[in-house]
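The block underneath contains the structure these notes are about, expressed in structure tokens.
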Amino acid sequence: MQSKKSSNPPWCDELVQGQNRQPMHAPLHAYESIANALTDGCTAEPPSSRWVLRLTPAQWLFHLAPSPSIAPAPYKGRGFRTTGWGLIAVPCSWQVANYQQGAAAGGTPYTDLPIYANYRYPFAGDAASLASFPVPRENNPVGSYQVEFTIPEAWDGRRIFLVLEGAESNATVWIDGRKVGYSQDSRLPAEFDVTAACAGPARGAPLAAVGDAASQPKVAGPHVLSVQCMRYCDGSYLEDQDHWWLSGLHRHVWLYAKPHRLSLVDYHVVTTAVQPEASSPPAGPSAEMTISVRCQSDRRLAPSELESYRLVTSLHGPCLLTPGEPAPPRAELWSDVERLEPADAAERNDVALTRARAACAASCEELMEAGGLLVGDACASFKLRLDNAFLWSAEAPWLYTVVVELRDASGQTIDCEACHVGVRTVRLQNGCLLLNGRELTIRGVNRHDHCPLRGKAVDWATMLTDVKLIKAHSLNAVRTSHYPNASEWYKLCDALGLYVVDEANCETHGCLFIGDEGALAKKRSWRAAFVQRFTRMVQRDKNHACIVGWSLGNEAGYGGHHDAMGVWCRAHEPSRPVQYESCGGAACTDILCPMYPSDALVKRLNTLAGQLASSRKNKPEDLTRRYPASQHSGGMRPVIPCEYAHAMGNSTGNLSEWWTLFESLPFCQGGFIWDFVDQGLAQSIPTVAAAAVSASGAAPPAITLADGTVLAGKRWAYGGDFGERVHDARFCINGLVGPGRRPHPGLFEVKSVLQPVRIALGKSPWVYVAPEDGVGVRGAARATGTLRLRNLYGFRSLAGLRVSVSLQVDGVVVGRSVVECLDDVAAGASLELRIIVPLGDGEATRTVLPEPVVRNPMLAREAFLDVEVTDPDVPTWAHSAARIVATAQFTVTPPSIPPPLAFAGHLISSADLADVTSSHSSDGTDGTDGTDGADGLSFAEDVERVLIRGGCTGGGTFSLVINRADGTVGPLSVDGHVVLSRGGAALSLWRAPTENDQGCVFTAFAHPKDETIASLVWWYRLILELSKRLPHWLFKLGASYADLWDLDGLPDLQPQDRAPTVTVTHASSARVDVLIRRELCAPNGSKRAAHDITLTVLRGGAIHLANTASVALVHSDTLARIGLGFALPRNAVGGHQLEWTVRWYGRGPHENYPDRQASAPIGTYDATPAELAEELTVGYVYAQHCGRRGAARWLSLATAAGRGLLVSGGVPFGFTMMPCPDAVIAAAQHPHEVAEAMAERQAAGEPAEHHLTIDHKIMGVGGDVAWFPSVREGYLVPPGTYRWTMLLQAFAAWPPPPALPLPADLAPVGAIGGRKRPPAFEPVGLVDKAMRVVCLLLLEAPPLTRSLTTTLLLLIALALMLAAEATHAWLVDATPNEYIYGNQSDAPRSTEEIPSVPSSPELVM
């Protein structure tokens, strides 16, 4: 009821959650009969029933008003006047429906924009106004809906209920202009009894108390449903989740009819015990179950009146459901009949319920108002014992069907309800979360409701796609972040097998701007709102087997309301644990679920002292949360981070490290990755931009939906793309899949790291057996050894899985073996498996190993054992990736069978070698003048360039130009066709920043280009400027990697004023040596790098590059990468496009990085340049560095004509191939902007090129968080001196023919240098800690103290800035080597130039 003291409308009164709204209950379907109920399977809609009328999906009339004061009002008898109204799809969020009010009538168009905000209330104003929690009376758009429907005549005499599954932020409902009721809570259904409203003004009396159907009001005929939703109401303060602020009817709307006098209204099915706890049918355990049923009468019936009714409950099954199909036939296993009794009488005799009510009454009156787990005024209860039960788990989601029938005195079924249930128990024991008595490992992911076309309206097909993707990639659990989902989602998780943490729609993150995120959790007037959002969720979802825990909400601080919710749940629904992150370790949470914890915190929480101290107890870094000391007395609790591994953009690094940590600790049981899907919205690209791209010849921009539909001229939009004033930019783009459900490479890493079968080499070493086995038996050569397989499933056996093993040598598979069906290896057990891999062609008397097409001559022969575990019986509905259960790759000793000798990637025979060595001296020179022999080199030079020509091994000619002006290499031509453009071999130290490269504390708190609500942002920005002048180790969180790279000038390094030196040190017909020396400076003139290349060209077209690079930085302690950049032409001389094929032997096939490569095995792969750049063009929503392939032994680049280049490295290297330079990617906000920028460049005369970077080392991508620098220590590239070698081989036809031997003095070098890193610091620096203490003072201090503190802070900041300026000036003037070496006595002291790179082969440290 509305507050008596309040004159505010219900949408401005926090005491009002609904008006005339029905109590929450389990979902009802109004089946016609038991046969109708048993056909309900895993489908988009329940079976059709004559008692159900669905009003969606459909087109409804719609009107959009800018504020409540001018929103239309309905008229009795006819609803809204809809002249000039448009149509809108329902369900759909109106902001993404491309609806413009007034456009259809020729008026001024009005459009409401989507708003993405992470933690800010977009409507609340500044901190001062936020403190009173106002609801905007203006600038608060109102959507008005109207639709006509006709009630069948058969419904006359029955009670009619209207269900709105989801309306944001609230809903006011009218039938035929008569107000029915009001509701808020955007993520739970609102249900209204509309019988009286449908009866019409002339027959609007209440339902008759007693009588037959004929005495009831007539409801059949046409009616008008009117609904009005507001963008904001007081409930919006509890819905400040990290997602789009959207509005309207986003879930289905429907009506159903029930018998007028007595009908089924609620039921609860719970497994109370399983003995013994096991999971292997058919010899399964026995289960005890309780089924509680409630009925609702039109008035409270006396016991004597209930005597004529009977409840018949039956259990059917078990079965496994198939998506899109009705349930299969299944037997009735149990049935029972009970009489009804008044619910209040039964409750008085229920000891457990009496205790529950007493606990709630002792807590607060709001818990009593929330009611219990069940609603209804008549009840019956059933108990059953089920022998040989098939237990439910995510790995084997066996379901039974409970059918409840209400029969009248004649035995006729007058009402029928049913649901699928799983037999399973969930409990905590000895600090662990148990399912069916076994420890549960949560391989989880957070998932928002999101559709790129319809906003928060997610259809069943999209939900099914999500489930398929999640299950196929080793994930088994979902947290419904941060609100209850549609009922269809839980039914899918029940049927297909996913564990779910069901989260209440309570988040007040924006309250951090008034100093306490939990401010509303402490206000008494808001307690009912908190409590009802939680209790109504539990009341609706209580029967779903998939739900293994309840969450009190997310980022709503901590207060007494959370304790109250916990009390209610443990009293009324104790079959599942309760969790809540923002209370720290308080007693209201049964599971410690920290958010983005550090390794140290996770370790600490695995100790009793750490748990009792709570996860974080009032530390400065938690500025707006107040954590109590833990009062939990139940011993240890499970540790399951509710969010970790932030997957924003090119991310998901460090995942292997996380799971190594989880598996090493006794109470860690996994966690939930953030998050599943990028929340991008489809948006049209401006026509001019699209036309520019098309004119350039590039593919027109388009996006692809989950069903394969391609939408041309569209892009994925994020915060700010719609012109909204307040937003948090790209922070909604942090999923493992794109908006169209295209997997990002990070999802492949998740599948690999979390795979449920652990594969390792066994105790017996892998050996090779020759054809002669020593006892006179001749057979095929073979490799033999053992593998150890550990079953990490919780319940499933490995029986039936297939193990495939292949052996590859230098990238060529030389043998395969398959174990068709594994033995019955129980969950948690291990198996030692002996494998025999036949080698070669398998003939009995000889072995012929396949020869690699190419080989890196600078690396030793190597062999890898690839193991793949597959499931041949994967369901037909599953995603294609689900067939592969686990993979692993191991380095093994190569076969001892003598391989052919190799050079420069080409095989040559011993005879060929003899011919070669007889005609050339061992040092690679023959003393001639460079004009003899078809393959001889010719050499010429002038003031601008050095030109070297010669013949390619196997035919054709090449020419190479070295440019004296900039010291770069190229063009390189083969038979007159350019294969490398000018400007090659340029030192590359930078990359287009990834999302994580740009992450720092100010990314989360300050948005310089956008309006912000934070009253403290000005001094946040002041400290940001200060941090740019301080050493990075002092203030680690103050600037991102990208900020520091900018300060060091890495994106814009230029050659020093004086030209590089290019010196020819040797020239003959067999070899030309050129020394290139160049220095690079930042835009401010500071010297940053010295790069020496000793380039040796050999006859036959081989080009050897020996690199030595010394790099010194002032601000950053890591480079983005160190390597060489090249360019390949996209068009031939005649103008036609070159079709390049890229082949490599290294990690693949998808992109990978040093901290994210478990899913990318070493092998031989091929791709087109477009495929290598797919993550840029169609993958990531935000343009950033991507597409890198690592650990390459060789890389081949060939045109369709067969001409090209082969790249080998002294150590494995990485490479990227993009259609543009990194600077263009860094300047773009969306992928299509890259194409637009390149179109402009080409129109200005710039040649179209593929940009190739060969990395010697590259920094990882990180992934712990996106708002602090998160690349771990071992994956950084510290400045210093690096040496590495590369070999380029030009060829005129693929595959390349044999080449000449590599001279002995060109030994491969791949050592890594770099200054010794300083001692490890805390995750935060000294300034970080000081800043947070000041924050705490400012947030908690009185106004006068706050003003004085602010003034003092300004003075201190100015003094620090002056001191920092002096320090910065010294650092800029100092030489890079002084910065590297510090004050060591042996460090170079020149202040004029970077010293020459030492010639000693020793590593410079």
Could you look through the stretch 403-433, keep only residues that are within 15 Å of GLU338 (Cα to Cα) and of a type in the set (A, V, I, L, M), and pick out the one that is most open to solvent (accessible area, probe 1.4 Å)?
ALA409
Residue hits (the stretch 1121-1152; out of contact with any Leu (no Cβ under 9 Å at 6 or more places or on another chain), in a strand (DSSP E or B) and buried (at least 22 other Cβ atoms within 10 Å of the Cβ)) are ARG1147
Quick one: count up the residues across the stretch 240-265 that are under 30 Å from GLN679 (Cβ atoms) and aliphatic (A, V, I, L, M).
3
Which numbered condition in (1) closer than 30 Å to ARG424 by Cα; (2) open to solvent by 10 Å² or more (accessible area, probe 1.4 Å); (3) modelled with pLDDT of 95 or more is the only one that ASP266 fails?
(2)
Would you say ASN388 is touching a residue at least 40 places away in the same chain (Cβ under 8 Å), surrounded by fewer than 15 Cβ atoms within 10 Å (Cβ to Cβ) and under 30 Å from VAL750 (Cβ atoms)?
no
Considering only strands (runs of 3 or more DSSP E) fully contained in the stretch 620-690, which possess at least 1 residues that are surrounded by fewer than 19 Cβ atoms within 10 Å (Cβ to Cβ) and either modelled with pLDDT of 95 or more or among the hydroxyl-bearing types (Ser, Thr, Tyr) (or both)?
681-684
Within the stretch 313-352, which residues are without any contact (Cβ under 8 Å) to a residue 40 or more places away in the chain and of a type in the set (A, V, I, L, M)?
ALA331, VAL337, ALA346, VAL351, ALA352
Which condition number does TYR1275 fail, the rest of (1) within 24 Å of ASP1092 (Cβ to Cβ); (2) surrounded by fewer than 24 Cβ atoms within 10 Å (Cβ to Cβ); (3) among the hydroxyl-bearing types (Ser, Thr, Tyr) being met?
(1)
Would you be able to say whether some residue in the stretch 693-704 is more than 26 Å from ALA1160 (Cβ to Cβ) and at pLDDT 95 or above?
no
Filtered residues of the stretch 507-539 (kept if in contact (Cβ under 8 Å) with a residue 60 or more places away in the chain, among the hydrophobic types (A, V, I, L, M, F, W, C) and either open to solvent by less than 20 Å² (accessible area, probe 1.4 Å) or closer than 30 Å to LEU496 by Cα (or both))
CYS511, LEU520, TRP526, ALA528, ALA529, PHE530, VAL531, MET537, VAL538
Quick check on my filter: what residues within the stretch 1222-1247 are assigned to a loop (DSSP other than H, G, I, E, B) and open to solvent by 30 Å² or more (accessible area, probe 1.4 Å)?
GLN1229, ALA1244, GLY1245, GLU1246, PRO1247
Checking ASP1117, ASP1155 in turn, the sole residue that is modelled with pLDDT under 95 and either surrounded by 22 or more Cβ atoms within 10 Å (Cβ to Cβ) or within 18 Å of GLY1262 (Cβ to Cβ) (or both) turns out to be ASP1117
The stretch 540-568, residues that are open to solvent by 10 Å² or more (accessible area, probe 1.4 Å) and in contact with a strand residue (DSSP E or B) (Cβ under 8 Å, 6 or more places away or on another chain):
ASN543, HIS544, GLU555
Within the stretch 75-92, the residues that are out of contact with any Leu (no Cβ under 6 Å at 6 or more places or on another chain) and open to solvent by less than 30 Å² (accessible area, probe 1.4 Å) are GLY79, PHE80, GLY86, ILE88, CYS92
How many residues, within the stretch 115-130, are in a loop (DSSP other than H, G, I, E, B) and either touching a Phe, Trp or Tyr at 6+ places or on another chain (Cβ under 7 Å) or surrounded by 19 or more Cβ atoms within 10 Å (Cβ to Cβ) (or both)?
7
Being in a loop (DSSP other than H, G, I, E, B) and open to solvent by less than 10 Å² (accessible area, probe 1.4 Å) is the filter; apply it to the stretch 131-163 and report the residue that is nearest to HIS29 (Cα to Cα).
GLY157
Considering residues of the stretch 865-880 that are modelled with pLDDT under 95 and out of contact with any Lys or Arg (no Cβ under 7 Å at 6 or more places or on another chain) only, the residue nearest to LEU792 (Cα to Cα)
ASP873
Those residues that are at pLDDT 95 or above and not small (Gly, Ala, Ser), I need them from the stretch 1176-1192; list them, please.
TYR1180, VAL1181, TYR1182, GLN1184, HIS1185, CYS1186, ARG1188, ARG1189
Can you find, within the stretch 703-722, the residue that is farthest from ALA1235 (Cα to Cα) among those that are open to solvent by 40 Å² or more (accessible area, probe 1.4 Å) and touching a residue at least 40 places away in the same chain (Cβ under 8 Å)?
ASP707
Quick one: GLY1100 ticks every box in (1) under 22 Å from GLY1280 (Cβ atoms); (2) at pLDDT below 95; (3) buried (at least 24 other Cβ atoms within 10 Å of the Cβ) bar one, so which box is it?
(1)
Could you tell me whether ALA356 is out of contact with any Lys or Arg (no Cβ under 6 Å at 6 or more places or on another chain), buried (at least 17 other Cβ atoms within 10 Å of the Cβ) and among the aliphatic types (A, V, I, L, M)?
yes
Can you find, within the stretch 325-340, the residue that is nearest to ALA302 (Cα to Cα) among those that are touching a helix residue (DSSP H, G or I) at 6+ places or on another chain (Cβ under 8 Å) and open to solvent by less than 80 Å² (accessible area, probe 1.4 Å)?
LEU340
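Yes/no matrix, rows are residues, columns are (1) farther than 30 Å from TRP60 by Cα; (2) more than 42 Å from the chain's Cα centre (by Cα); (3) among the hydroxyl-bearing types (Ser, Thr, Tyr):
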| position | (1), (2), (3) |
| --- | --- |
| SER226 | no, no, yes |
| MET230 | no, no, no |
| LEU262 | yes, yes, no |
| SER308 | yes, yes, yes |
Would you confirm whether any residue within the stretch 1168-1188 is open to solvent by less than 20 Å² (accessible area, probe 1.4 Å) and in a strand (DSSP E or B)?
no
Do the conditions hold for PRO47, that is, is it farther than 30 Å from ILE414 by Cβ and touching a residue at least 24 places away in the same chain (Cβ under 8 Å)?
no
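The values are calculated or read from the model by the stated rules, or taken from the named source; none is laboratory data. Small disclaimer: the values here were computed from a predicted structure and weren't measured. A quick note on method: Cβ atoms are made from the backbone with ideal geometry, for glycine too, and the neighbour counts reach across all protein chains shown. Heavy atoms of the whole protein, side chains included, go into the accessibility calculation; ligands, DNA and RNA do not. Shrake-Rupley method; radii C 1.70, N 1.55, O 1.52, S 1.80 Å.
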